[in-house]
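Comments concern the structure below.
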Amino acid sequence: MVNPIIPILSFFFFVAFHPSPVYAIYNVVRLGAMPDGKTDSTQAFLSAWAAACSSVSPAMIYVPPGRYSLKQATFGGNCKNTDIMIRIDGTLVAPSDYTVLGSAGTWIRFEGVSGVTVNGGTLDGQGSALWACKAVSKGCPAGAT
């Protein structure tokens, strides 16, 4: 017969002695991002990244619900941190005018980093106008990925 208290004690021991990491949280709205889908929030996201990247403890970049307009952004660098979580509860929106990114090659890029996790959210590349251009013309930019 198995003692029913043993699994409960095992669970308690695991939770009590194996705590989850405590994250420094960088909320993009508190850093100036606007969840209206129109105002450029790129700088707020880059500021959150710079803070998380330079942190010596686990860090979370939090994107609350809403739509956030982002122009081209590269998240990279020689981070001190190898435990960065990006938690997206909203939607990241590319510029509706495809000429803003043109032939940039990338819209959102992670470069030279490790230990980054992206959870949740939606990426809205707003590509319909570019695809419409490509359907009728050969003079359209390549677009960004």
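Screening residue 16 with (1) open to solvent by less than 60 Å² (accessible area, probe 1.4 Å); (2) modelled with pLDDT of 95 or more; (3) more than 28 Å from residue 98 (Cα to Cα) gives one miss only, at (2).
The test for being in contact with an Asp or Glu (Cβ under 8 Å, 6 or more places away or on another chain), of a type in the set (Lys, Arg) and under 17 Å from residue 33 (Cβ atoms) does not hold for residue 87.
When you go through (1) at pLDDT 95 or above; (2) under 25 Å from residue 130 (Cα atoms); (3) open to solvent by 30 Å² or more (accessible area, probe 1.4 Å) one by one for residue 42, which number turns out not to apply? That leaves (3) as the condition not met.
Is it the case that residue 91 is on the phi < 0 side of the Ramachandran plot, β-branched (Val, Ile, Thr) and open to solvent by 40 Å² or more (accessible area, probe 1.4 Å)? For residue 91, the condition - on the phi < 0 side of the Ramachandran plot, β-branched (Val, Ile, Thr) and open to solvent by 40 Å² or more (accessible area, probe 1.4 Å) - is not met. Contact map, the stretch 104-116: residues that are within 20 Å of residue 78 (Cβ to Cβ) paired with residues that are of a type in the set (D, E, K, R), Cβ distance under 8 Å, separation 6+ or inter-chain. Pairs shown: 115/83. Among the residues of the stretch 117-145, which ones are in contact (Cβ under 8 Å) with a residue 40 or more places away in the chain and charged (D, E, K, R)? 124, the sole residue that qualifies. All of 83, 97 fail the test of being open to solvent by 30 Å² or more (accessible area, probe 1.4 Å) and under 26 Å from residue 30 (Cβ atoms), apart from 83. Counting only residues that are over 11 Å from the mean Cα position of the chain (by Cα) and not in a strand (DSSP E or B), the stretch 35-55 holds 12 of them.
Criterion first (more than 19 Å from residue 144 (Cβ to Cβ) and of a type in the set (A, V, I, L, M)) does residue 94 satisfy it?
No, not satisfied.
Among the residues of the stretch 104-145, those identified as farther than 23 Å from residue 35 by Cα and surrounded by fewer than 11 Cβ atoms within 10 Å (Cβ to Cβ) are 111, 112, 114, 135, 136, 137, 138, 139. If you go through the stretch 54-70 and keep only what is at pLDDT below 95 and either among the hydrophobic types (A, V, I, L, M, F, W, C) or in contact with a helix residue (DSSP H, G or I) (Cβ under 7 Å, 6 or more places away or on another chain) (or both), you end up with just 56.
The values are calculated or read from the model by the stated rules, or taken from the named source; none is laboratory data. Just so we're clear, the structure is a prediction, and the values are computed from it rather than from any experiment. Neighbour counts are summed over all protein chains in view; Cβ atoms, including those assigned to glycine, are modelled from backbone coordinates with ideal geometry. Ligands, DNA and RNA are excluded from the accessible area calculation, which covers all protein heavy atoms including side chains. Shrake-Rupley method; radii C 1.70, N 1.55, O 1.52, S 1.80 Å.
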